[in-house]
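Read the structure below first, then the notes.
The values are calculated or read from the model by the stated rules, or taken from the named source; none is laboratory data. Quantities reported herein were computed from a predicted structural model and do not represent experimental measurements. Please note: Cβ atoms are built from the backbone with ideal geometry, for glycine as well, and neighbour counts cover all protein chains shown. The accessibility values were calculated without ligands, DNA or RNA, using every heavy atom of the protein model including side chains. Shrake-Rupley method; radii C 1.70, N 1.55, O 1.52, S 1.80 Å.
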Amino acid sequence: DKGGHKHFMAKEIAEQPTVIADALSHYLSAGGEIRLPDPQVDFAQVERITMVACGTAFLACLTAKYWFEQIARLPVEVDVASEFRYREPPVPAKSLALFVSQSGETADTLAALRYMAGKADRIASVVNVPESSIARESDLVLPIHAGVEIGVASTKAFTCQLTVLFLLAIKAASDRGTLTDEARADHLSQLRRLPALIAEALDQNVAIRETARKLANARDVLFLGRGPLYPLAHEGALKLKEISYIHAEAYASGELKHGPIALVDEDVPVVVMAPRDTLFDKTVSNMQEVMARKGKVILISDREGLAEAANGTWDTITMPDVSDAVAPILYAIPAQLLAYHTAVAKGTDVDQPRNLAKSVTVE
Ligand code: M6R
């Protein structure tokens with residue numbers, strides 16, 4: 001049942017305020033306590049987190065790396081499962097292994113988990129299907145409560161994964177004493193606002209559809225972001241490739257001049273994800289380099305950011321204000337909507353894109 005939507009993907013995008021509120025209610029008490037299922041992990045005893053996943057779930061891990069490092073001061077290694085499992089890396093003592101998978105059945109992720117079993121101190125998984133193989137073989141299971149996801153392009157599972165991983169980073173920070181009470185309260189209040197912020201971002205649906213109609217004519221699209229928005233640039237590019245079949249690449253904004261800027265000309269749209277955060281000015285200067293080469297910039301930012309930097313862009317998408325840390329969860333919405341409307345404009349099969357399966361159970 002598509003609930004009145006044209007596609008499952010559209011329904012699943014629209015469900016995000018509800019499912020994120022649901023995920024939060026499972027992990028966060030009214031009094032601000034973060035409650036995790038047993039067995040409890042004392043992050044003060046953890047010296048390193050190794051996160052492994054595929055596809056969009058891998059991009060959730062890359063985003064969470066910024067949180068664990070910045071908020072909990074914990075070293076994090078992230079790898080795609082197909083590389084990790086054959087690389088057979090040494091596992092330092094006091095490691096927590098964390099596997100992220102919507103289906104819980106992805107063959108490479110499961111193989112990476114089996115490699116870590118008996119080597120890491122603890123195996124934890126963030127899954128949408130608590131009865132899945134990955135969940136069954138984990139010591140600690142953190143369900144994301146996204147509900148069934150049918151669209152091959154993952155949307156609500158991604159933002160729910162991020163929500164749970166963010167809570168986990170705050171829990172780690174509390175155990176490790178790396179966060180003041182005030183900073184902790186700030187993070188939690190931003191999280192509590194997230195369902196409303198996402199609803200506000202979804203209100204941009206019609207405007208984003210107009211932008212996507214222009215994007216539909218492109219042959220190549222670049223996505224740029226910095227800091228925790230860098231993995232989101234990858235997520236924007238992955239979504240667009242998967243369902244619209246437009247060639248899309250993502251780069252860290254600062255990497256542009258190390259090669260990719262050679263691709264930029266008047267035919268290349270460049271989507272810049274840049275909330276007005278501490279690195280905003282640096283991203284804007286990268287964006288100006290793109291415009292100087294006639295690249296067509298689509299700037300996604302908040303009102304203040306757009307007031308400052310929209311001049312000369314091809315198009316803009318307005319997001320509500322949000323803290324630096326929570327921004328990647330919110331900016332997933334325009335990434336999803338851009339891909340969705342571009343695919344609809346091109347007439348591709350949104351829910352069942354060619355060559356792809358929802359659950360990749362063979363390597
Ligand atoms: O079920 P999983 O989360 O383990 O799946 C991992 C990837 O196959 C998945 O995220 C894939 O990249 C999606 N099609 C992305 O939209």
*Yes/no for Val141 being within 16 Å of the ligand (Cβ to nearest atom), outside any loop (DSSP other than H, G, I, E, B), under 28 Å from Gly118 (Cα atoms) and open to solvent by 10 Å² or more (accessible area, probe 1.4 Å)*: yes
*Looking at Leu222, Leu240, Leu191, which is the one that is under 24 Å from Leu28 (Cα atoms), modelled with pLDDT of 95 or more and buried (at least 19 other Cβ atoms within 10 Å of the Cβ)?*
Leu191
*Identify, from the list Arg209, Arg136, the residue that is over 20 Å from Gln70 (Cα atoms), among the basic types (Lys, Arg) and without any contact (Cβ under 8 Å) to a residue 60 or more places away in the chain.*
Arg136
*asked:* Tell me the residue from Ala107, Ala23 that is surrounded by 14 or more Cβ atoms within 10 Å (Cβ to Cβ), within 16 Å of the ligand (Cβ to nearest atom) and more than 22 Å from Leu197 (Cα to Cα), please.
replied: Ala107
*For Leu59, are the conditions met, namely being in contact with a His (Cβ under 6 Å, 6 or more places away or on another chain), open to solvent by less than 30 Å² (accessible area, probe 1.4 Å) and within 16 Å of Pro231 (Cβ to Cβ)?*
yes
_the stretch 194-209 - residue that is surrounded by fewer than 18 Cβ atoms within 10 Å (Cβ to Cβ) and among the small types (Gly, Ala, Ser) and, of those, nearest to Val41 (Cα to Cα)_ = Ala196
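Residues checked against (1) open to solvent by less than 10 Å² (accessible area, probe 1.4 Å); (2) hydroxyl-bearing (Ser, Thr, Tyr); (3) within 16 Å of the ligand (Cβ to nearest atom); (4) assigned to a loop (DSSP other than H, G, I, E, B):
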{"position": "Thr316", "(1), (2), (3), (4)": "no, yes, no, no"}
{"position": "Ser323", "(1), (2), (3), (4)": "no, yes, no, yes"}
{"position": "Ala332", "(1), (2), (3), (4)": "yes, no, yes, no"}
{"position": "Gln336", "(1), (2), (3), (4)": "yes, no, yes, no"}
{"position": "Arg354", "(1), (2), (3), (4)": "no, no, yes, yes"}
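What about Thr348, is it open to solvent by 60 Å² or more (accessible area, probe 1.4 Å), within 16 Å of the ligand (Cβ to nearest atom), touching a Ser or Thr at 6+ places or on another chain (Cβ under 9 Å) and in contact (Cβ under 8 Å) with a residue 12 or more places away in the chain?
No.
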*Looking only at the stretch 270-283, decide whether some residue is part of a strand (DSSP E or B), free of Cβ contacts under 8 Å to residues at least 60 places away in the same chain and touching a Leu at 6+ places or on another chain (Cβ under 6 Å).*
yes
*asked:* For Gly147, only one of the following conditions fails: (1) surrounded by fewer than 24 Cβ atoms within 10 Å (Cβ to Cβ); (2) away from the ligand (no atom under 16 Å from the Cβ); (3) closer than 30 Å to Lys346 by Cα. What is its number?
replied: (2)
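Within the stretch 46-86, can you find the residues that are of a type outside the set (A, V, I, L, M, F, W, C) and within 11 Å of the ligand (Cβ to nearest atom)? So that I can check it myself, show each step before the final result.
Going residue by residue through the stretch 46-86, those that are of a type outside the set (A, V, I, L, M, F, W, C) are 47-48, 50, 55-56, 63, 65-66, 69-70, 73, 75, 77, 79, 82-83, 85-86.
Residues satisfying the conditions are Gly55, Thr56, Ser82.
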*Ser359 polar (S, T, N, Q), part of a loop (DSSP other than H, G, I, E, B) and either surrounded by fewer than 17 Cβ atoms within 10 Å (Cβ to Cβ) or touching a Gly at 6+ places or on another chain (Cβ under 9 Å) (or both)*: yes
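Here's the yes/no breakdown for (1) open to solvent by 50 Å² or more (accessible area, probe 1.4 Å); (2) within 16 Å of the ligand (Cβ to nearest atom):
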site	(1), (2)
Pro231	no, yes
Glu235	no, yes
Lys296	yes, no
Ile300	no, no
Arg303	yes, no
Ala307	yes, no
_I want to confirm something. Restricting to the stretch 73-96 and keeping residues that are among the hydrophobic types (A, V, I, L, M, F, W, C) and under 19 Å from the mean Cα position of the chain (by Cα), which single residue is surrounded by the most Cβ atoms within 10 Å (Cβ to Cβ)?_
Ala81
_Residues located in the stretch 250-274, provided they are under 21 Å from Thr342 (Cα atoms), out of contact with any Lys or Arg (no Cβ under 9 Å at 6 or more places or on another chain) and more than 16 Å from the ligand (Cβ to nearest atom)_ = Tyr251, Val271, Val272
